[in-house]
Amino acid sequence: MASTVSDRPGYQQLLRTPGAWTFLLPGFAARQPFAMLTIGIVLLIQHTTGSYGSAGAVAAVTGVSMALFAPQSGKLADRIGQRAVLLPGVLVHAASVSALTALALTDAPLWLLFLAAVPTGASVPQIGPMVRARWAALLGAAPGREASPLMSTAAAFESVTDEFTFVIGPVLATALCTGVHPAAGLVTEAALTLVGGLLFAAQHRTQPAVRAAAAGASGQRVSALSVPGVRVLAVAFLGIGAVFGGMQVSLTAFAEEIGRPGANGLLYGIFAAGNMLAGIACGAIAWKSGPRRRLIAGYAALTLTASGLWAVHSVPLLAGLGLLVGLSIAPALISGYTLVETLVPASARTEAFTWLTGSVALGQAAAVTVAGRLADAHGASTGFVVPLVGTMLALVTLVALRSRLTPARTTITAARGAVHRDPVAARK
C-alpha cells in the first residue's frame with residue numbers, strides 16, 4: 001500500500017516551492033474563522049432560544065446557503081480572479097454575521113434569524129479552495145508533462161491545514177462563548193474573516209491566471225459539475241459534512257447533558273486532531289495504491305469507526321472513539337481532492353474544489369439540523385447516529401459509481417495545453 005517518504009517528494013520540498021509562503025500564511029489566517037462559524041451560531045442561538053433544534057436549524061440555513069453559493073463563488077474566481085471575488089465577499093460576510101448576532105441578542109423571531117443566515121452562509125470566503133487552486137497553478141500540468149508528484153503532498157498539506165483550524169477554531173469559539181459572552185465567538189469570526197480575507201486577497205501575484213475556460217461541443221463554457229467524477233465526489237463529500245455537523249451538535253449536547261459544557265471544545269478538538277494527524281501521515285507516505293482505492297478505503301474506515309459513537313457515554317471513551325473517527329476522515333478528504341486534479345481542467349478547478357467544499361457544508365447543515373432535533377427529543381447519544389448514516393450512504397455511492405472516478409482515456413484539454421492522462425494508474 002505504501003512505502004517510505006524517501007520514495008517521493010515530501011513536505012520540505014513542497015514548502016520550498018517558489019511563491020508558496022506568500023499565500024500560505026495569509027491563507028491560514030483567512031480560513032481560521034470558517035471553523036468557528038457553525039459552532040458559534042449553535043452556541044449563541046441555543047443560549048438565546050434554549051433549543052438545540054432551533055440553533056441547528058439556523059446553522060443549517062447558513063450551511064445550505066454556503067453550499068449553493070460556494071460553487072458560484074468558485075466559478076467567478078476562475079473567470080475574473082480570486083481578488084475580485086474576495087474583496088466584496090469578506091465585507092458582506094462581516095456585515096451579515098454582525099446582523100445575525102444582533103438579531104439573536106435582541107430575541108428576534110426565528111424567521112428573521114433564518115433570513116440573516118442566508119447572506120451569512122452565501123458570503124463565506126472560499127479560502128481553502130482558492131489555496132488549493134493556487135497549488136494546482138504552481139504544480140499542475142503544463143504542455144507535454146504530467147502534474148508534479150507534489151500535488152498529492154499539497155492535497156495532504158491542505159487537509160492538515162484545514163484540520164488544524166478545526167482543532168483551534170471550535171475550541172476558541174467555545175471558550176469565547178462560554179467564558180466571555182455567548183456572542184463573542186461570532187464577533188471574533190467576523191473580525192478574523194475581514195482581516196484575514198483582505199490579507200489573502202492582497203497576495204494577487206500567486207493567484208491563478210484568469211484564462212479562457214474549456215468549452216463543450218456547443219461552444220459554451222464547461223462547468224466542473226459536468227464532469228461525472230465531480231458529481232460523485234460531491235455526493236460522497238456530503239458524508240464528510242454529516243460527520244462534522246453531527247459531531248459538533250452531538251458533542252455540544254453531550255457536554256451539556258453531563259454538566260460539563262467546557263468539555264465540548266476539548267472533545268471536538270481531539271476529533272479534529274485525529275484528522276490533522278492522519279493528514280500529516282498521508283502526505284508523508286508514498287502510496288502505491290491510487291487515490292480512488294484510498295478514497296473508498298477511507299470511507300469504509302470512517303463508517304466503521306462512526307458506528308460506535310451512539311453507544312458511548314463517558315468522556316474518555318468518547319474522546320478515544322472521536323480520535324479514531326478523525327483519523328479516518330483525512331484519507332477520504334485528501335484522496336477526493338487529489339482526484340480533482342486528474343478529473344478537471346485547470347480552468348474549472350477552483351469551481352470543482354468549491355463544489356466539494358459546498359457539499360461538506362450542505363452535509364453539515366443537514367446533520368446539524370437532524371442531530372439537533374434528535375438531541376432535543378431523545379438525548380445526545382441519538383445525534384451520533386447521523387454521522388453513521390451519512391458515511392454509510394456515501395460509501396454505497398462511491399462503491400456503486402467508482403468507475404466514474406477514472407479520468408477519461410482521451411486527452412484532457414487544459415488551459416495551458418493538452419495533457420494525456422493514464423487511466424490505468426487512477427483505477428488502482
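The values are calculated or read from the model by the stated rules, or taken from the named source; none is laboratory data. No experiment lies behind these values; they were computed from the predicted model shown. Heads up, the Cβs are rebuilt from the backbone with ideal geometry, glycines too, and the neighbour counts pull from every protein chain shown. Calculation scope for accessible area: heavy atoms of the full protein, side chains included, ligands and nucleic acids excluded. Shrake-Rupley method; radii C 1.70, N 1.55, O 1.52, S 1.80 Å.
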Which order do peptides 297-303, 55-61, 21-27 fall in by mean Cβ count within 10 Å, highest first?
55-61, 297-303, 21-27
Per the Kirkwood formula on distinct C-alpha pairs, the Rh of region 220-375 is how many angstrom?
16.4
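Using a 1.4 Å probe on the protein heavy atoms, what percent of the accessible area of region 334-374 belongs to carbon and sulfur?
73
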Can you check what the Kirkwood hydrodynamic radius comes to for region 56-188, Cα pairs only, in Å to one decimal?
16.8
Cα-based Rg of region 23-104 normalised by 2.2 N^0.38 Å, two decimals
1.24
Ordering of 66-72, 240-246, 368-374 by packing [mean C-beta count within 10 Å, highest first]
240-246, 368-374, 66-72
Each label point is 7 Å from the Cα along the Cα-to-Cβ direction; what then is the distance between the points at ILE258 and ALA102, in nm?
4.0
Compare the peptides 104-117, 35-48 by average per-residue count of other Cβ atoms within 10 angstrom and give them in order, highest first.
35-48, 104-117
Taking the convex hull of the alpha carbon atoms in region 336-392, what volume per residue do you get, in Å³?
69
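When the solvent-accessible surface of protein heavy atoms is calculated with a 1.4 angstrom probe, in what order do THR391, THR338 fall, highest first? Kindly include the intermediate steps, with their values, before the conclusion.
Values: THR391 0, THR338 25 Å².
Solvent-accessible surface, decreasing: THR338, THR391.
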Any helix of the chain counts here only if DSSP assigns it H throughout, its Cα atoms span 30 Å or more along the axis, and its mean Kyte-Doolittle hydropathy is at least -1.0, and such helices are 52-80, 82-105, 150-179, 228-257, 263-284, 315-343, 349-378
With +1 on each Lys and Arg Cβ and -1 on each Asp and Glu Cβ, how big is the dipole of the chain about its Cα centre, in debye rounded to the nearest 20?
1680
Choose one of PRO407, VAL42, ALA117: the residue whose Cα lies farthest towards the positive end of the charge dipole of the chain (beta-carbon charges +1 Lys, Arg; -1 Asp, Glu; about the Cα centre).
PRO407
Taking 10 °C and 1.306 mPa s as the conditions, I'd like the Stokes-Einstein D for the chain in µm²/s, using the Kirkwood hydrodynamic radius from alpha carbon pairs.
74
